[in-house]
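Worksheet for the structure shown next.
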Amino acid sequence: MTDERKHTISLLVDNESGVLSRVAGLFSGRGFNIESLCVAETLDPGISRMTLVTRGNERIVEQINKQLNKLISVKKVIDLTDVAFVEREMALVKVKAKKEERAEILRIVDIFRCKVVDVSAGCYTLEVTGTAGKIAAILSLLSQMGIKEIARTGAIALAREAQK
Amino acid sequence: MEILKEEGVDTVFGFPGGAIIDINDELDKTDIHYILVRHEQAAVHAADGYARASGKVGVCLVTSGPGATNTVTGIASAYMDSIPVVVFTGQVPRVLIGNDAFQEVDIVGITRPCTKHNYLVKEPERLADIVREAFYIARSGRPGPVLIDLPKDVVQTKMNFKMPPAPRMKSYAPHTEPHKQQLERAIKLILKAKKPVIFAGGGVILSGAYKELFEFADKLNMPVTGSLMGLGGFPGTNPLWLGMIGMHGTYRANMSTGNCDLLIGIGVRFDDRVTGRIDDFAKNAKIVHIDIDPTSIQKNVPVTVPIVGDCKVSLKKLNSLLEQEDLTEVLKTRPNWLKQIEEWKSTTPLAYDQSNAIKPQFVVEKIYELTKGKAIITTEVGQNQMWAAQYYHFDKPNRFITSGGLGVMGFGFPAAIGAQLARPKDLVIDIAGDGSIQMNIQELIVAVSNKLPVKIAILNNGYLGMVRQWQELFYDKRYAATNIEQAPDFVKLAEAYGAVGLRATRADEVEDVIKKAIDTPKTVIMDFVVEREESVYPMVPAGAPITEMLLV
């Protein structure tokens, strides 16, 4: 499909066991794809927010939104794609830190406004937050030094208040 | 128990077991009628048939593990056909969950994609609310099955009971009221259309929109076709009725749909057996689609005017909007269109040639004739189902009970048991094939022991006929795995169960057998030995446009 587009969808769901599998099962059962999915409790402990990123043409995304709405454990579906919204991902990156490259790594940390959260003889662990684009950029820079391991979250997102 | 009564439950279908024994024990002390089936799949089909014939929610009660897994086919069928059923399953005590305990299975996980909603009751305090919610969810909006998994220790907890108030759920509020602007847009299209067709489905029957649909079609002199699930939603003997649409639809229904300029889909979901090749479906038409489930709209076909709402409410509003319009102009264009449809009808009517061997279509026609079209007909799945749909004309809703979406062989007989319990005075006939009937034949003893005068008409051709038909047409007549000529003697089988068995092998015996069955106030099997290689026509090959039919 040429008109495929990335959609970030925010869901408010009942915070109970099985909800995640209802949402995941809906996607796998109907052949929709999930690029990333993040879940955590909201201020109301009975409700969780799920942020999921998916891809599809207009017709498929319309179905995704409707099908999600149809799930009884889902309270609200907000497709953020056509509103202004803030989106963040986080990555923990273990990068090899040879003596001669340590300063360069710290410069990159500074430029990208990330943090060093663990240090060892041959390695820094960095905490990076930002959009998917920013994380991709820093990963490409750090790969020159050698990345040992990474752990990434999916995207989380909220609509900008002025747009509400 | 109190909630079951409050919800109007008078019949429960089930099979006991260790995890559910407490509920059976309590149920036995009430006046709720418990029907002990012989296989849990049949319990759900029976509850499905009961729900369709009564308009109430069907209820099942089975045990954990295999009892629960056996219900899955029945639940999936009810889900596809949007039938309100509540299934209670036993579960091992809470402390054992996850331990691979004896007869433990994660039935909530297994049925998640084929229920409208399901619950595992973890706290006894939640039980009453959950049961009320389950009935509410099953029956409202687009109906469907709901499952409640009951750990044995939750059920055994003694508590003071207080009837919970009617459920109000934040995350579930079916949208029954159609949008006014969309209705007005639909009216505009209706007033312009020269070649319109109404396409009615199961939603018309579920919402009880029979009268409103009739008024709508009648007022506009607009022809009506129906899906398999929609049969009976519009009188089958009315001149505006085109017959069923789709793979085995009538020539005129499919041609009308292919050539119409406006298609009004009401309570339908445009599934593949209806549309054939989707790009060619009603390709010259604007489409108005009324359905209570927003996911049905725009799912398979692009829609010009989507109307999300209850079919009955929507049709009522359309009818009252039409009151304010002048219909003379639009009605002037109608005779041309109806004349064209009449030509399609008379050049290629549904037909078969009754010579020596009994033709299955002849049997269905005779049943129609001798029951004056008033029986409740259930069907199995395959050729028997299609012939029943083509040759039995339903003038009223809730008389045709079939597994439409999932296509479950073995559905018809237990569904007939359920229907007979819901409507004890009506004549209930399961039109079956010799293959399908063997899939839930064990329920014969349930019909006999409950003194249910259900009739089974087996169109016995010694083949798994629908698959054989595909093999004849598309696989060079290689009849792999479809010859079931070696079969039980159905007459003796009926007798073994204490039912009555009758057989016809010649065309001139058919009428007598049917009459005798109708006059026998007992469970009866009619074994019609029919032409072995008869096929269902018209037929649209899978993937072809519905206007390209094979016509014998």
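The values are calculated or read from the model by the stated rules, or taken from the named source; none is laboratory data. These numbers come from a predicted model, not from an experiment. Every residue, glycine among them, receives a Cβ derived from its backbone with ideal geometry; neighbour counts consider all protein chains shown. Only protein heavy atoms, including side chains, enter the accessible area calculation; ligands, DNA and RNA are left aside. Shrake-Rupley method; radii C 1.70, N 1.55, O 1.52, S 1.80 Å.
Structure notes:
- Complete set of residues in segment B:498-508 that are crowded, with 16+ Cβ neighbours inside 10 Å and more than 19 Å from B:L427 (Cα to Cα): B:R503, B:A504, B:A507
- Helices (runs of 4 or more DSSP H) wholly inside segment B:55-152 that include at least 2 residues being within 11 Å of chain A (Cβ to nearest Cβ): B:107-111, B:127-139
- Selection over segment B:121-135 of residues that are of a type in the set (A, V, I, L, M, F, W, C) and either touching a residue at least 40 places away in the same chain (Cβ under 8 Å) or under 17 Å from B:P66 (Cα atoms) (or both) gives a count of 4.
- Of all residues in segment B:153-164, those satisfying the criterion of being outside any helix (DSSP H, G or I) and either of a type in the set (S, T, N, Q) or in contact with a helix residue (DSSP H, G or I) (Cβ under 8 Å, 6 or more places away or on another chain) (or both) are B:T157, B:M159, B:N160, B:F161, B:K162, B:M163, B:P164.
- Inclusion of A:R5 among residues that are away from chain B (no Cβ under 14 Å), charged (D, E, K, R), within 23 Å of B:T295 (Cβ to Cβ) and out of contact with any His (no Cβ under 9 Å at 6 or more places or on another chain) is warranted.
- Residue in segment B:522-544 that is open to solvent by 50 Å² or more (accessible area, probe 1.4 Å), of a type in the set (A, V, I, L, M) and modelled with pLDDT under 95 present: yes
- Entirely in segment B:240-305, the strands (runs of 3 or more DSSP E) that have 2 or more residues that are over 19 Å from B:Q390 (Cα atoms) and more than 14 Å from chain A (Cβ to nearest Cβ): B:262-266, B:286-291
- Among the numbered conditions (1) away from chain A (no Cβ under 14 Å); (2) crowded, with 19+ Cβ neighbours inside 10 Å; (3) modelled with pLDDT under 95, the only one that B:A209 does not meet is (3).
- Where a residue in segment B:458-477 is of a type in the set (A, V, I, L, M, F, W, C) and its partner, wherever it lies, is open to solvent by 20 Å² or more (accessible area, probe 1.4 Å), with Cβ under 7 Å and at least six apart: B:L464/B:I484
- Per this entry, B:M255 is not counted among residues that are closer than 30 Å to B:I83 by Cβ and either outside the structural domain of B:Q385 (by TED's automatic domain parsing) or crowded, with 22+ Cβ neighbours inside 10 Å (or both).
- Note on segment A:11-31: residues that are more than 17 Å from A:K70 (Cβ to Cβ) and open to solvent by less than 30 Å² (accessible area, probe 1.4 Å) amount to 0.
- Pairing each residue of segment B:92-109 that is on the phi > 0 side of the Ramachandran plot with any residue that is of a type in the set (G, A, S) and surrounded by fewer than 16 Cβ atoms within 10 Å (Cβ to Cβ), provided the two are 6+ apart or on different chains, yields C-beta distances under 8 Å for B:Q103/B:G18.
- Residue tally, condition of a type in the set (S, T, Y) and farther than 19 Å from B:A419 by Cβ, over segment B:80-95: 1
- Search result, residues across segment B:346-387 that are in contact with a strand residue (DSSP E or B) (Cβ under 8 Å, 6 or more places away or on another chain), open to solvent by 50 Å² or more (accessible area, probe 1.4 Å) and part of a helix (DSSP H, G or I): none
- Total residues in segment A:119-158, condition in contact (Cβ under 8 Å) with a residue 24 or more places away in the chain and not hydrophobic (A, V, I, L, M, F, W, C): 13
- Residue ID - most open to solvent (accessible area, probe 1.4 Å), chosen from residues in segment B:2-31 that are assigned to a loop (DSSP other than H, G, I, E, B) and closer than 21 Å to B:G67 by Cα: B:D28
- Within segment A:62-73, residues that are farther than 14 Å from B:H117 by Cβ sit with their Cβ atoms under 6 Å from residues that are of a type in the set (F, W, Y), at 6+ positions apart or across chains, in these pairs: A:I64/A:F32.
- Residue count for segment A:51-78, restricted to those that are buried (at least 18 other Cβ atoms within 10 Å of the Cβ), part of a strand (DSSP E or B) and more than 10 Å from every other protein chain (Cβ to nearest Cβ): 7.
- Filtered by the rule that a residue be of a type in the set (A, V, I, L, M), without any contact (Cβ under 8 Å) to a residue 40 or more places away in the chain and not in a strand (DSSP E or B), segment A:16-44 gives A:L20, A:A24, A:L43.
- Residues that are surrounded by fewer than 24 Cβ atoms within 10 Å (Cβ to Cβ) and either within 20 Å of A:S17 (Cα to Cα) or among the acidic types (D, E) (or both), drawn from segment B:122-146: B:K122, B:E123, B:P124, B:E125, B:R126, B:L127, B:A128, B:D129, B:I130, B:E133
- A:V13 vs. criteria facing chain B (nearest Cβ under 10 Å) and part of a strand (DSSP E or B): yes
- Filter pass, A:I34 being open to solvent by 50 Å² or more (accessible area, probe 1.4 Å), within 14 Å of chain B (Cβ to nearest Cβ), in contact with a Phe, Trp or Tyr (Cβ under 9 Å, 6 or more places away or on another chain) and modelled with pLDDT under 95: no
- Just one of the numbered conditions (1) open to solvent by 40 Å² or more (accessible area, probe 1.4 Å); (2) outside any helix (DSSP H, G or I) is not true of B:P167: (1).
- Cβ-Cβ under 7 Å pairs, at least 6 apart or on other chains, segment B:310-328 side in the same structural domain as B:S296 (by TED's automatic domain parsing) and in a loop (DSSP other than H, G, I, E, B), far side open to solvent by 10 Å² or more (accessible area, probe 1.4 Å) and among the hydroxyl-bearing types (S, T, Y): B:D310/B:T176; B:D310/B:S207
- Among residues of segment B:12-28 that are of a type in the set (D, E), those with a Cβ under 7 angstrom from a residue that is part of a loop (DSSP other than H, G, I, E, B) and open to solvent by 60 Å² or more (accessible area, probe 1.4 Å), sequence gap 6+ or separate chain, pair up as B:E26/B:M1.
- Residue in segment B:227-240 that is free of Cβ contacts under 8 Å to residues at least 12 places away in the same chain, in contact with a Lys or Arg (Cβ under 9 Å, 6 or more places away or on another chain) and outside the structural domain of B:L406 (by TED's automatic domain parsing) present: no
- Test: A:K94 is crowded, with 17+ Cβ neighbours inside 10 Å, more than 14 Å from chain B (Cβ to nearest Cβ) and in contact with a Ser or Thr (Cβ under 7 Å, 6 or more places away or on another chain): yes
- Any hit, segment A:81-90, residues being open to solvent by 40 Å² or more (accessible area, probe 1.4 Å), in a loop (DSSP other than H, G, I, E, B) and charged (D, E, K, R): yes
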